[in-house]
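The values are calculated or read from the model by the stated rules, or taken from the named source; none is laboratory data. All figures in this text were calculated on a predicted structure; none of them were measured in a lab. Note that we place each Cβ from the backbone using ideal geometry, even for glycine, and neighbour counts take in every protein chain shown. The protein model used for the area step is the full one, side chains on, heavy atoms only, and it has no ligands, DNA or RNA in it. Shrake-Rupley method; radii C 1.70, N 1.55, O 1.52, S 1.80 Å.
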Amino acid sequence: MLDVRVRSQVGFEPEPRGSHPYLYVDFRTLHSRPQSAGPVSARNVRRLLSFQRYLHSSRFIRGIPASNPLGYLLDDDYTGQAKLMLEKVGNWNFDMFLFDRLTNGNSLVNLTFHLFNSYGLIELFQLDMVKLRRFLVMIQEDYRSQNPYHNAVHAADVTQAMYCYLQEPKLAETMTSCDLLLGLLAAATHDLDHPGVNQPFLIKTNHYLAALYKNSSVLENHHWKSAVGLLRESALLSHLPTEDRLNMEERLGSLILATDISRQNNYLSEFRAHLDKRDLCLTNGGHRHFILQIALKCADICNPCRPWKLSKLWSEKVTEEFFHQGDIERKHHLEVTPFCDRQSNSVANIQIGFMTYVVEPLFVEWSRFSDTRLSQTMMGHLSLNKQGWKEGRDKQEASTSRASEEQRTSAAKDSNSKELPQGSKRS
């Protein structure tokens, strides 16, 4: 069953909704409307203007022929510093925040289009470039920019990380063109329409998505079905045989569902077992797909493995989003999710725990699988960043302890000074 992103010919299909009193969370509601109805939604206006801007700036719309068939959609977008950055898109130090500024907030569109082009996927799958550009614009618009972390910039960052992993020798030598297409699509859409709160929040507030997906991989199912809806709306793959298209949609779902953090130990145990047995064979389609799942999982949580400057910024953004959820929970007298409680937690403590129990175990196994310079670089950054957070936490605790001691000393002095006159008076 497709949800919010499956459209009818006359507008948006409605999505069933349960009782959800927490309307301060901006969950999008889409309603079907007749063609004669009033103005289109603000999001559709943004989409239309974004797409028209791309077309208007192209040589194609002005009827100027180009020797490079891709040139008319690339010329005006890929200029200056942004173009220079894309020449080094495989660099692990790639600064997605800077790239997003240089592309005027269009990092996901420009990066993904560039990667499709560099892999030759447009020609291999005979993709219509106008449909592709429209599809990417729709993806970018359907990420919620008000989310501090789960937004289009995060999706672009995960896509760039996925590209780095696909360039690793073991993957580059074995992945098929279909694997590459699905890997990039999954990375770009893996958090599509993320509401900025986690699954337990949706469940305890009786959100309609929790009911729709029976409290199981709620967000991941929503991201997947949303992506499929956009694929169908854009008709990007409509020229492919139905069986092939449906198979690709299912494989896309399998990749996105693998990012469910609650299933982390299942994937990690299976990955570790394969490595222990040394039975991974990447000429086997099932094994290749499993490695794509692991690669996407790594890409999704790789921020602690980036250079400190980038890693710290991502950490602050995700913690801001966590704390915002905690504030909502406290305001409405809900049980506050432990790592979302700003009163009892800090960025440092959350990151140290995340690195220790989630990131490090996965990347240790990835390094066993792909023992390359990139893996060594990531593990090096992970170690340094973890130490950086520990040192920052220790300094903060020491500073807090000194401040408390000074307050106690000051209070004691004030107490003594007040007692002296009384004693003098009695004498």
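Residues in the range 179-210 that are out of contact with any His (no Cβ under 7 Å at 6 or more places or on another chain) and in a loop (DSSP other than H, G, I, E, B): P195, V197, N198. Note on the range 218-246: residues that are under 25 Å from V130 (Cβ atoms), open to solvent by 40 Å² or more (accessible area, probe 1.4 Å), in a helix (DSSP H, G or I) and not aliphatic (A, V, I, L, M) amount to 5. Just checking, does the range 272-280 include any residue being touching a His at 6+ places or on another chain (Cβ under 8 Å) and under 25 Å from M129 (Cβ atoms)? There is no residue in the range 272-280 that is touching a His at 6+ places or on another chain (Cβ under 8 Å) and under 25 Å from M129 (Cβ atoms). Within the bounds of the range 396-411, is there any residue that is open to solvent by less than 80 Å² (accessible area, probe 1.4 Å) and modelled with pLDDT of 95 or more? The answer is no; no qualifying residue exists.
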